[in-house]
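Read-outs: derived from the displayed coordinates by stated rules, not from any lab. Remember, it's a predicted structure, so these values are computed and weren't measured experimentally.
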Amino acid sequence: MYPDGLHASPRFVALSIFAAAMISAQNKGSAEKGNEVFDEQCASCHSAYTSDRKVGPGLKFLFAKEKLESSGKPVSDSSVREVLDKGGKGMPAFKANLSEDDKTDLIAYLKTL
Ligand code: HEC
């Protein structure tokens, strides 16, 4: 009923939007996956629900704070990634134990706290 071109193009547009959404979701990280990693690797030392200290500082409102308690650096994707990579006093370095994607997901999750 329709010429081929007309038929294919909306589908192509829909696919492109889907692909673009997948790519941007990947770059921003998944808070949901970050939550899983947090529960496995971080929750024993950090509370996600309060600012109270367990072994390390509570991480509720982390990204609402101006500075990291540990280093005094401004809270940002890169300063938090640095903490994850290098660890700190009493915190193990995760550089070798978490993939870049895990870290991106964790940061996305920490932003929701
Ligand atoms: C063995 C306990 C332990 C584990 C496991 C741990 N941390 Fe930590 N974390 C700490 C301690 C202690 C500090 C404070 C370090 C310092 O003062 O130098 C800290 C600091 C931090 C900070 C900086 C907070 C601030 O305000 O300065 C972040 C962010 C953080 N941890 C995130 C994580 C994440 C995410 C994980 C899981 C991948 C994790 N930690 C696993 C103990 C831990």
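Kirkwood-based Rg over Rh for the range 29-110 (C-alpha set), two decimals?
0.91
In terms of Cα to Cα distance under 22 Å, which lysines are near enough to LYS111, apart from those fewer than 8 places away along the same chain?
The reachable lysines, counting only those whose Cα sits under 22 Å from LYS111, are LYS28, LYS33, LYS54, LYS60, LYS65, LYS67, LYS73, LYS86, LYS95, LYS103.
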